[in-house]
Amino acid sequence: LDDTAGDMFYSANITGTTVSVWQTNFDAVTPTQSNGAKFERTNGESDGLANWGVSPIVVAGKAAIGLEQTRIVFNNADTNPNQISRADINEDGTATTPIQITTSSTVKANPSLAGNGGTILYDDDNQKLINKMNHDGSGVSTIVTLGEGETTLEQPNISSDGRWYVFVREGDLKIRSILSAATDPDTSLVTGIGNAQNPCFNPDMTQIVYS
């Protein structure tokens, strides 16, 4: 993927009626050329950020993906805002009917899909756990747990190669290997501010941005 220009997806209430997942262009070289034509790809998104990756799963060395190989994961207010759904993009740019891929009764949010299309991370149980699962909802496991006296774990973002992830613990920015055990210590990236939000790897994984 070219990290200077291309397509991006984001959640917004553009129509004034509901929050949806929209597609538009971005141009990092000439930012004024970004956010031109917009296309609504799913509707009813809520409770967490939408995230996207590739479909089907790809491996290193393959050609750059096209729009028809894009997969979106999000919380779907039309079915259950506490559950995670997945939609794939067709060749004509329309989205397939979203499929709910989580079923347990706990509140889930902020799904993040690896760049190879295979692994999804999300925060679970009202921001008390970070879980990992396969793109179809199988293979659920807990990869981060709260420490003593802590109250929030949230907003995981997995790197494009699926090897690392960043997340927010008690408002501070942390990073881990995907192979780490749930009880292993974190590596701190930003501490002491208490309100870090929305961490995200850039496409080549050389930088992490957050708000």
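The values are calculated or read from the model by the stated rules, or taken from the named source; none is laboratory data. Fair warning: this is a prediction, and the values are worked out from it, not measured in the lab. Every residue, glycine among them, receives a Cβ derived from its backbone with ideal geometry; neighbour counts consider all protein chains shown. Note: accessible area is taken over every heavy atom of the protein model, side chains too, but ligands, DNA and RNA are not part of it. Shrake-Rupley method; radii C 1.70, N 1.55, O 1.52, S 1.80 Å.
When Gly139, Gly149 are checked against the criterion of being small (Gly, Ala, Ser), over 13 Å from the mean Cα position of the chain (by Cα), modelled with pLDDT of 90 or more and over 20 Å from Ser188 (Cβ atoms), Gly139 stands alone in meeting it.
Restricting attention to region 187-211, the residues that are in contact (Cβ under 8 Å) with a residue 40 or more places away in the chain and either over 18 Å from the mean Cα position of the chain (by Cα) or on the phi > 0 side of the Ramachandran plot (or both) add up to 2.
Sub-7 Å Cβ pairs linking a first residue in region 6-21 that is without any contact (Cβ under 8 Å) to a residue 24 or more places away in the chain and of a type in the set (S, T, N, Q) to a second residue that is open to solvent by less than 60 Å² (accessible area, probe 1.4 Å) and not in a strand (DSSP E or B), at least 6 apart or interchain, are Asn13/Val19, ordered by first then second residue.
One line per residue, one yes/no per condition, for (1) modelled with pLDDT of 90 or more; (2) open to solvent by 60 Å² or more (accessible area, probe 1.4 Å):
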{"position": "Ser46", "(1), (2)": "no, no"}
{"position": "Ala60", "(1), (2)": "no, yes"}
{"position": "Ile65", "(1), (2)": "no, no"}
{"position": "Pro81", "(1), (2)": "no, no"}
{"position": "Thr106", "(1), (2)": "yes, no"}
{"position": "Ser112", "(1), (2)": "yes, no"}
{"position": "Gly117", "(1), (2)": "no, no"}
{"position": "Asp123", "(1), (2)": "yes, no"}
{"position": "Lys128", "(1), (2)": "yes, yes"}
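The set of residues in region 165-186 that are on the phi > 0 side of the Ramachandran plot and open to solvent by less than 50 Å² (accessible area, probe 1.4 Å) contains only Gly171.
In the set (1) open to solvent by less than 60 Å² (accessible area, probe 1.4 Å); (2) modelled with pLDDT of 75 or more; (3) farther than 18 Å from His135 by Cα, the condition left unmet by Gly93 is number (2). Quick one: in region 152-186, which of the residues that are among the hydroxyl-bearing types (Ser, Thr, Tyr) and more than 19 Å from the chain's Cα centre (by Cα) is modelled with the highest pLDDT? Per the stated criteria, the residue is Ser180. Filtering region 118-146 to residues that are in a loop (DSSP other than H, G, I, E, B) and either touching a residue at least 12 places away in the same chain (Cβ under 8 Å) or among the hydrophobic types (A, V, I, L, M, F, W, C) (or both) leaves Gly118, Asp125, Asn126, Gln127, Lys128, His135, Asp136, Gly137, Val140, Leu146. Exactly one residue out of Gly139, Gly194, Gly147, Gly162 is more than 26 Å from Met8 (Cα to Cα), touching a Gly at 6+ places or on another chain (Cβ under 9 Å) and surrounded by fewer than 20 Cβ atoms within 10 Å (Cβ to Cβ), and it is Gly194.
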